[in-house]
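A short reminder: the numbers here are calculations on the coordinates, not readings from a lab. All figures in this text were calculated on a predicted structure; none of them were measured in a lab. Cβ: placed from backbone, ideal geometry, glycine included. Neighbour counts: every protein chain shown.
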Number of protein chains: 4
Amino acid sequence: MLCSTRFTLSRFPVLYRIFHTGSDGRIMAKSKFEYVREFEADDTCLRNCWVVIRLDGRNFHRFSEQHNFSKPNDARALHLMNRCAQNVMQELEDILLAYGQSDEYSFVFHKKSNWFKRRASKFITHVASQFASSFVFYWKDYFAEQPLLYPPGFDGRAVLYPSDQNLKDYLSWRQADCHINNLYNTVFWSLVQEGGLTPSQAQERLRGTVAADKNEIMFSEFNINYNNEPLMYRKGTLLLWQKVNEVTMKKIKMPQEAEEKEVQVTRSRSQTVPLHCDIIGELFWEEHPELLSDTS
Amino acid sequence: MLCSTRFTLSRFPVLYRIFHTGSDGRIMAKSKFEYVREFEADDTCLRNCWVVIRLDGRNFHRFSEQHNFSKPNDARALHLMNRCAQNVMQELEDILLAYGQSDEYSFVFHKKSNWFKRRASKFITHVASQFASSFVFYWKDYFAEQPLLYPPGFDGRAVLYPSDQNLKDYLSWRQADCHINNLYNTVFWSLVQEGGLTPSQAQERLRGTVAADKNEIMFSEFNINYNNEPLMYRKGTLLLWQKVNEVTMKKIKMPQEAEEKEVQVTRSRSQTVPLHCDIIGELFWEEHPELLSDTS
Amino acid sequence: MLCSTRFTLSRFPVLYRIFHTGSDGRIMAKSKFEYVREFEADDTCLRNCWVVIRLDGRNFHRFSEQHNFSKPNDARALHLMNRCAQNVMQELEDILLAYGQSDEYSFVFHKKSNWFKRRASKFITHVASQFASSFVFYWKDYFAEQPLLYPPGFDGRAVLYPSDQNLKDYLSWRQADCHINNLYNTVFWSLVQEGGLTPSQAQERLRGTVAADKNEIMFSEFNINYNNEPLMYRKGTLLLWQKVNEVTMKKIKMPQEAEEKEVQVTRSRSQTVPLHCDIIGELFWEEHPELLSDTS
Amino acid sequence: MLCSTRFTLSRFPVLYRIFHTGSDGRIMAKSKFEYVREFEADDTCLRNCWVVIRLDGRNFHRFSEQHNFSKPNDARALHLMNRCAQNVMQELEDILLAYGQSDEYSFVFHKKSNWFKRRASKFITHVASQFASSFVFYWKDYFAEQPLLYPPGFDGRAVLYPSDQNLKDYLSWRQADCHINNLYNTVFWSLVQEGGLTPSQAQERLRGTVAADKNEIMFSEFNINYNNEPLMYRKGTLLLWQKVNEVTMKKIKMPQEAEEKEVQVTRSRSQTVPLHCDIIGELFWEEHPELLSDTS
């Protein structure tokens, strides 16, 4: 042990210099080891590109079984995911919007962001850790009666998109994925839960069907109009920033007056709002021109 | 809204083909957008290198103030950090060891690991999210009387070390950092808490002192023998794998016998154990030759 | 020596199997070593970005001294550089344009290019090697009386630009650099060559001067109107593709006619043309809308 | 044109300020554009790893046809390749050794090298351009009667190897490749050139044969003992540094003596030497312990 007998010796003045040397040695030791910092690679994201961080739940199939999630969608779980994503947007910097569906969430950092010098590892670990800690923290607000059995994990990746069109297509890709999966899952679980089929029978029944066939099965056999299914299930959730005015009453004392007076104070602050609208196609972007402005 | 009136229309056979086309279109749409996947960069870690993932608490200075951590060390917080790191080692694959001190933790993936094809983003997001969710999950086990006020964040980075010596030097660097900071913090908070100095007076008092001076101040003024301070504070915590034998009693029925019989069953499993020893210098590695064997 | 006595033995049938095994072993050996290919990193350039490769002459200060380049500009050397760049554009794929000045040349690969799967190492080594071999190959066409003393080197780098504006600004940056250096060099060498100053006196004389001062010195002392200096020196060289019609005479035999007939054949092909115009500002790009079209 | 009428105006004092502003504007313009430098990515090679740069001739199949290379090996071309590689080793820094065969050459930079801060793009473009310019420059020394028709290109890549064993295996891989190809090519061209087979007949004849079969064909049909083929063809070429003593005569005048006296002066310098030995297996490395020493 390097330092185990050090201090007892140091009480004897004659050994002081040795010890002194030893302590310098420890500091020198640190500087001797510091060369290992040079092995860190620079992972700066290319400038002027949209930085998308996408998280996916780790083994969430198993996780949803163990926590008795309802199928094909568990509203509590989706709302919890949205709550975590809102926390991520509030705690971190420069996130323009986020989009989530199923057990995944994508966060879009502004193309002009210089947060942590655009280091990819900073972006993805801050997002992943803040989302994961929020998931446990807010769990009880959505699963009051259902204890969390173990702390879940999430994996993440960073992807760069140079043009606005690339970014729109990325978000369209995730929403198209949401649509296709949710349509399939909705009819699949109708066949199983209402129709009494086994999962493999349901799978067999759906082989080769297109969207119209699936809609037809749901409507004719289970009286489900897919279009009336909740928008959150069919479209996923988009989180945008919104300015809101907070009106509060405040007591102030005017110089010329003897008594305090209560006045109304309006403060503007930004908060995130969830939307469940279509983001495939140009309409959404035309209605929100501010999102992609000031980018050239 | 792209699909808002879709299904109501689809009840009219004459429009079926349009809708059908639409649904194909949606699937086609997805494949049309899928080109965005090609923007993902390959972040494979160079093979045959040690992969070190280091996490740091985000704004933990503020966090420790708000949660009334004792100074200079809060044993509950350190034990919680260790607990989270153990969970990370158990949940993820191929972690050889971990080393933690203060609000940071380093995880060493084996140089031969091919977990998730060695993708750096997978390594760091799994570690960061598992650690963060564990932190909230296990909080109450260490801070029973103290509620967690908000979900904390952690940032992480991946660093590659080609040689065993580089890895040893990395760990030595972190332990030397632990030593230097803890020595300083211990005397600093003695001066403030016991000596009645203000923080800036304490800082002034310590300016230019070497280790021997600090030891001397602690001993002569506060009767603290730094060497008797807890090892966890002075050395940090190293987590290693250890095979343990679990002995359980089990009832079995032998073919020739009428009655069940209770027998002792021994099972071997791996668990992580915390050590607070010196890892600067060769002694530790000589005592644990298995750690760096089979690596060429 | 692994295989030195192999074949002599192989004449003896009894040893055949041993040798056979040996030869299999050699092939097995190769496959045993092939794992080293997995250490190659993926250096794909992010899609939908302009890929700029810039070359710089290595130690061209020394090179120009040893080959008696005239100062401040050597027309032969600049024309040779342009010739090499034209060869690069013709031999490689997907280069939209190139810009050169002094001993540097930048090549812009199209943002949609998928040449060699956009691998950065392929882009830069092909450009660097083709330029360098061309430099030696075409040297005698520009330096007839002056032998090349040794083969020169060039270093290169790849830089990605996501937006058209970024690309324009890159080219503007290089041309602004050309302007500033050439203005300085022109007056500097006038002071030395015509004015009889030493280089350090000339340097001193120019300290703190702005462009107008330099123009004034050239005009009043050396009767040089900087604006009449050759455009290639002041603006550098831009290489663009141009469709040209080649008219050739060809003898063909018509089916109905007895004799061959000479006809005029027009073929269109692309060639590179050098321009020495201003590329700072929008005018150039407005006059060449085709360069940045079809990019979104 | 931004600056076309500038100077004529500058003769009129009243316009001076405008012009002056203009010139400042140009310098400001440059600094305004300089942000584009931040798009350069850091491509530093991980420290403490061997850096291997491998070049391959571009379209050398066509090149060798057009320049009438003899088959299966053209000694002139191989010696020219070696000459180029020697020039690369002499001109650049920190190259430990090089290995070439066919139209490829690998250069090994020392794992401790810090040349150009270990930037991969610097390594590969310097190697590629120096090799390519040397190829044209030294061509006439090896192909006196045969003019070079056009400047050839080379592509290159950088690969990092963390351990000495990885490096040895890389070199073994390339030499095993040399052996397998050369054995095949030698018997293939014997069948075509001596045996009168067409290339496709020769290919058919060799399908499924192992090394012993090929040796047997060469020996029994063409009286070729493959083992007597030149080592350079069978083993490729390894370039190592060697200290040599140069002895020259020099006239010096001693202080005490009236006349100049001729003395023998010995100077040591490093030069590259070509070897054609086996580098698969440990023997070579045992005989050259200096190559991999001082690396930990």
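Some points to look at:
- Unit charges on C-beta of K, R, D, E only; dipole of the range A:97-151, Debye: 660
- Dipole check for chain A: with +1 at the C-beta of Lys and Arg, -1 at the C-beta of Asp and Glu, and the Cα centre as origin, the magnitude is about 1680 Debye.
- In Hz, Karplus ³J(HN,Hα) per residue of the range B:49-55 (6.51, -1.76, 1.60; θ = phi - 60°; x = Gly, Pro): 10, 5, 10, 9, 10, 10, 9
- Summarising the rotation from chain D to chain A, the nearest chain D beta-carbon to the axis and its distance in Å are given as D:Asp42, 2.
- With its label point defined 7 Å out from Cα along the Cα-to-Cβ axis, C:Gln66 lies at 2.9, 6.5, 6.9 nm from the matching points of the other copies, in increasing order.
- Cα gyration tensor shape of the protein assembly as shown, rounded if a/c is under 1.5, else prolate or oblate by comparing a/b with b/c: rounded
- Separation in nanometres of the label points that stand 7 Å from Cα toward Cβ, at B:Glu93 and D:Glu65: 4.7
- 0 to 90° range, to nearest 10: angle between helix B:120-142 axis and chain B longest Cα axis: 60
- Spin-label model, C:Trp241/B:Glu286: points 7 Å from Cα along the beta carbon direction are separated by 6.9 nm.
- Acute angle (nearest 10 degrees) that the helix C:75-91 long axis makes with the longest principal axis of chain C, alpha-carbon atoms: 40
- Average partner coverage of C:211-221, which counts Cβ from other chains inside 10 Å: 4
- Of the Cα atoms belonging to chain C, the radius of gyration and Dmax stand at 27.6, 97 Å.
- Long-range HN-HN contacts of C:Gly153 with modeled amide H, under 5 Å: C:Arg58
- Principal-axis analysis of the Cα atoms of chain C puts helix C:16-33 at an angle of about 30° to the longest axis.
- Packing-based exposure ordering (other Cβ within 10 Å, fewest first) of C:Glu221, B:Glu40, D:Glu145: D:Glu145, C:Glu221, B:Glu40
- Taking the square roots of 5 times each eigenvalue of the Cα gyration tensor of the range C:147-195, largest first, gives ellipsoid semi-axes of 30, 22, 6 Å.
- Structure note, pairs C:Lys30/D:Lys235; C:Lys111/D:Lys117; C:Lys30/D:Lys168; A:Lys168/B:Lys32; B:Lys140/B:Lys243: Cα-Cα distances above 18 angstrom occur for C:Lys111/D:Lys117; B:Lys140/B:Lys243.
- Using only side-chain charges placed at the Cβ, +1 for Lys and Arg and -1 for Asp and Glu, the dipole size of the range B:50-192 relative to its Cα centre rounds to 440 debye.
- Within chain A, helix-based [θ] at 222 nm, where runs of 4 or more DSSP H residues each add -39,500 (n - 2.57), nearest 500: -14000 deg cm²/dmol
- Projecting 7 Å from Cα along the Cα-to-Cβ direction, the label point of B:Glu290 sits 4.3, 6.1, 7.2 nm from its equivalents in the other copies, listed shortest first.
- Build a GNM of chain C with springs between Cα atoms under 10 Å apart, and of C:Asn181, C:Asn59, C:Asn228 the one that fluctuates most is C:Asn228.
- Which of A:Tyr105, A:Ala120, A:Ile95, positive extreme of dipole for the range A:89-141 (C-beta unit charges): A:Ala120
- Ranking D:Leu239, D:Ala211, D:Met249 by Cα position along the charge dipole of the range D:207-251, where only Lys, Arg, Asp and Glu carry charges on their C-beta atoms, puts D:Met249 farthest toward the positive end.
- Exam field: A:Gln146 pseudo-label spacings to other copies (7 Å along Cα-Cβ), nanometres: 3.2, 7.7, 8.1
- Highest GNM mean-square fluctuation among B:Arg54, B:Arg174, B:Arg207, for chain B modelled with Cα contacts below 10 Å: B:Arg207.
- For peptide A:173-182, the mean count of partner chain Cβ atoms within 10 Å of a residue's Cβ comes to 4.
- Among D:Asn223, D:Asn87, D:Asn114: highest mean-square fluctuation, GNM of chain D, C-alpha pairs under 10 Å: D:Asn223
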